[in-house]
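Peer 1: First the structure, which I've put down as structure tokens, then a few questions once you've had a look.
The values are calculated or read from the model by the stated rules, or taken from the named source; none is laboratory data. Every value quoted in this text rests on a predicted model; they were computed, and no experiment measured them. Backbone-built Cβ (ideal geometry, glycine too); neighbour counts: all protein chains shown. We work out accessible area using only protein heavy atoms, side chains counted, and drop any ligands, DNA or RNA first. Shrake-Rupley method; radii C 1.70, N 1.55, O 1.52, S 1.80 Å.
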Amino acid sequence: MTSHPLLPHTGPTPARLLLAASGWAAVLATALQPGNPVRAALAAAFLLVGPGTAAVRLARPLLRPTALPELIGLAGLTVGAGLALATLTAEALLLTGTFTTVRALGLLAAFTTLGALAPRRPRRPSTRHLAPLVAVLALLLLAGCSGLGKGDPAADRDGHLAEAAAAAPAAADGGAPATGGPWHSVLREDFAGTGTGTGLDRGTWATCYDWNVDGCTNGGNGETEWYLPSRVAVQGGALHLTAQRGATTGSDGKQYPWTSGMVTTGRDSWNAEPRRTFTYGYFAAAVRFPSPAEGFFPAVWLIPAGTRTAPPELDIAEFPGTNSAVNMNLHWQTADGADAHTGTTWGPVQLADCYHLVAVDWEPDSVTWYVDGVQRFRITDPARVPHVPMELVLNLAVGYPSAPPADATTARFDVDWVQVWQH
């Protein structure tokens with residue numbers, strides 16, 4: 001075997017120093033607010049160019065290209081290598097339960113720095129390996145992204161390509177409950193837009209709590225939204241609940257600074273019958289909550305159909321002022337009539353990047369919560385478990401736990417699908 005001595009060390013060039021610094025600039029940019037164009041540009045540019053350039057420089061599979069086909073091939077190899085490395089890094093962190101955007105970017109930045117500053121080796125004397133390398137990298141990338149399903153973007157709005165590709169598959173798999181059956185489907189809503197007006201199936205969903213007419217709100221949390229049917233839309237195969245800043249007067253005579261959207265399987269009016277109620281079952285939804293998060297409170301939850309008051313209350317997934325963690329809670333009534341509750345928070349998880357699957361298995365003697373198909377929390381005390389028919393609610397509240405920033409004018413809660421199974 002012929003050895004390849006290192007070339008004489010001449011020190012890093014400005015281009016190599018810029019490559020080495022590009023990843024750390026992307027890491028520092030995560031301190032900016034989500035949606036900031038500088039943050040998005042730095043993250044996207046680094047992920048598309050940085051790791052791949054470092055990998056190609058370390059491997060040195062070809063002579064310096066001169067012809068146009070060779071230049072195109074090198075560019076494809078660089079981008080393919082970068083996306084493959086980003087995807088594999090994100091998957092490794094997710095499988096170990098240690099994924100964060102900063103950690104993934106930091107690992108890729110360290111690799112890029114190593115590749116940029118490592119001493120150079122002589123180039124290999126052939127271009128014949130280019131096509132197989134591109135093919136292998138493409139297969140690696142496809143393996144990482146193959147779980148992308150309906151509504152899942154190939155890249156999120158902040159350029160976190162690796163995170164979006166690795167986190168989306170679990171949310172796309174809505175075929176069956178994560179726990180053993182037997183189960184049968186009692187509600188399947190893909191939001192295909194078969195209804196009229198907004199596209200919502202009004203046979204399944206109401207757009208308001210039943211204690212107000214021509215709109216409604218929930219005064220129990222000090223919320224500042226007035227729910228309107230016009231803030232509910234089915235488009236592109238998903239449900240969109242939109243909050244919009246703008247003063248409005250509710251039918252209760254009060255002034256509200258925001259309007260927003262909600263859907264429920266409950267009633268249109270106080271004396272009507274609920275559309276659908278459920279006693280026990282497996283409830284699942286694929287949800288996405290884009291930025292901003294502060295001041296907004298999207299939730300997927302169950303409320304008693306008979307009393308219309310909590311407790312009991314089963315919160316499948318709540319996101320109070322955050323799009324990086326999932327809150328799971330259960331409320332029950334104690335012997336003296338007080339409201340008791342227990343729950344947990346799971347994260348970090350980037351809810352703005354793509355759809356994630358939230359679910360709960362409500363049994364007579366237990367309640368078990370799942371996020372992306374993995375059990376996250378469980379209660380096994382039958383005295384705490386609800387035993388009454390419940391309505392399913394999906395809503396985007398405003399003003400809890402704090403008011404939105406002064407420059408926030410709108411937010412949207414997206415729901416790709418909802419399903420309910422029972423034994």
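Peer 1: Sort T334, T207 from largest to smallest accessible area, using a 1.4 Å probe on the heavy atoms of the protein chains.
Peer 2: Sorted by accessible area, descending: T334, T207.
Peer 1: Work out, step by step, the length gained on full extension between A92 and T410: first 0.36 nm times the residue separation, then minus their alpha carbon distance; give nm to one decimal.
Peer 2: Computed gain between A92 and T410 is 111.0 nm.
Peer 1: Using alpha-carbon positions, what is the distance between the centroids of the stretch 240-305 and the stretch 377-415, in Å?
Peer 2: Between the Cα centre of the stretch 240-305 and that of the stretch 377-415, the gap is 9 Å.
Peer 1: Just round it to a whole percent: the fraction of Cα-Cα distances in the stretch 269-423 exceeding 21 Å.
Peer 2: 45 percent
Peer 1: Between E273 and S366, what is the label-point separation in nm under the 7 Å Cα-to-beta-carbon projection?
Peer 2: Each label point lies 7 Å from its Cα, and together they span 3.5 nm.
Peer 1: Going by amide H atoms built from the backbone, whose H comes under 5 Å of the H on V349, apart from near neighbours?
Peer 2: It is A325, by chain and number.
Peer 1: Under the Karplus relation 6.51 cos²θ - 1.76 cosθ + 1.60, θ = phi - 60°, what is the ordered set of whole-Hz ³J(HN,Hα) values for the stretch 181-192, x standing for Gly and Pro?
Peer 2: My calculation for the stretch 181-192 gives x, x, 10, 9, 6, 10, 8, 9, 10, 9, 6, 7 Hz in order.
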